[in-house]
Structure formats: C-alpha cells, structure tokens
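Notes follow once the structure below has been shown.
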Amino acid sequence: MKNILLLIVLITSLCTIFSQSAQADNTAEAIKNFKKSPQVNKFFSSSYGYAIFPTIGKGGFGVGGSYGEGSVYKQGKKTGTTTMAQVTIGFQLGGQAFSEIIFFENKESYDKFTSGNFEFSAQASAVAINAGANAKTSTTGSSAGAATSPDKNQQQGIYQNGMATFTFIKGGLMYEAALGGQKFSFEKLEKKD
C-alpha cells in the first residue's frame, strides 16, 4: 500500500512539473488551436463561457495522475483561474500532454463549475480534436484520447449536462484518458479598485 501511495505522489508531482514547464504554451495559442476546428469554433460565440487549460500533463503506469492550470471566461471576459487534478488506478501506460476546453451552455452550468469544487462524473465524455489538416473531431465514448481514425464516430459536439468538452492532443501516447474523476477548483479574480 505504501508503494502505491508513493507512486501516486510521484506521478502527480511529475505531471505538475510537466504542466508547469509547458507554460510557454499559453492560453491564446490553445484557443487558436481549438478555433481551427469548425465544430469547436462555433462554441466560442454561442456559449455562456468556458474554461481552458493550455496544457494538461498526464502520466501513468498502473496508477496515474494528471494536472493542469487554466483560465475561466464568462461572456468573453476572464473571471478567474482554475486547476484540474485527476488520479486514476487501472490499466494505463504512458504519458501525454493535451489542451482541454469546457464550454458552458448557460449561467447555471457556469455557476456549477465555478462554485468552488467541481468534478466530472464517470459518464463524462469529450470530443478529441485531431491535429490533422482538416481539424475533424471524433469521440471515443467515455474517453478523451487521440482517435486513430478521425472519421470514425464523428460527433457534432453537443452539451452534456450543460457542458461541452473538447481536447486537443499535443504530444505523447497514453492508453487511457478518461474524464471521469477530473476535479476542478476555481479562484475568482480579485476586482481592482
């Protein structure tokens, strides 16, 4: 049991370091990558707001972890910062870096996310954006990994419980990238007088 806990701490620490070292990949670049997909681009103008994570680092070998820092926007204005952390146990191997964006359909879903501590349920799914020339989207059910065939299982990107989530794989290879268990914290920006 001690070895498992030590491994969890080690993997989470590595993911934190990996994510922080990739801060050169800023929010503007991540938004630009997501806007290349016509299916994602339309959400920028039609959603109430969104949370964007320029880089999330994920790694695991039986036990895994992921971590990322991002920003939250409401009607085009930044309202706060957010962090995402996830610990997973099960069959998984490898490491990966990806961007993630969560669109909020309305004020209710925005408020739910920004209430302090939000967690995706096990049934949550994301659409993985292919980095290919056509920037097509695909989904793999309840996971958010890079699809090997961008034309398979195409989806229009609909809201689930008021949120639509997309990922953009930046690098690495990992067998497993589920959203279930992702925990988010939110810190509101202080108003300047």
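Readers should treat all values here as calculations from the given coordinates under stated rules, not as data from a laboratory. Treat the numbers as computed from the prediction; the structure is a model and nothing was measured. Don't worry about glycine lacking a Cβ; one is built from the backbone with ideal geometry, like all the others, and counts go over all protein chains shown.
For Gln182, nonlocal amide neighbours, meaning residues 5 or more places apart or on other chains whose placed amide H falls under 5 Å from its own, are Phe120.
Once backbone amide H atoms are built at 1.01 Å from N, Asn106 has Tyr48 as its partners under 5 Å, excluding neighbours fewer than 5 places away on the same chain. With label points built 7 Å along Cα→Cβ from the Cα atoms of Thr81 and Ser185, find their separation and express it in nm. Placing both labels 7 Å along Cα→Cβ, they lie 1.1 nm apart. Ordered by the number of other Cβ atoms lying within 10 Å of each residue's own Cβ, fewest first, Ile129, Ile169 fall into the sequence Ile169, Ile129.
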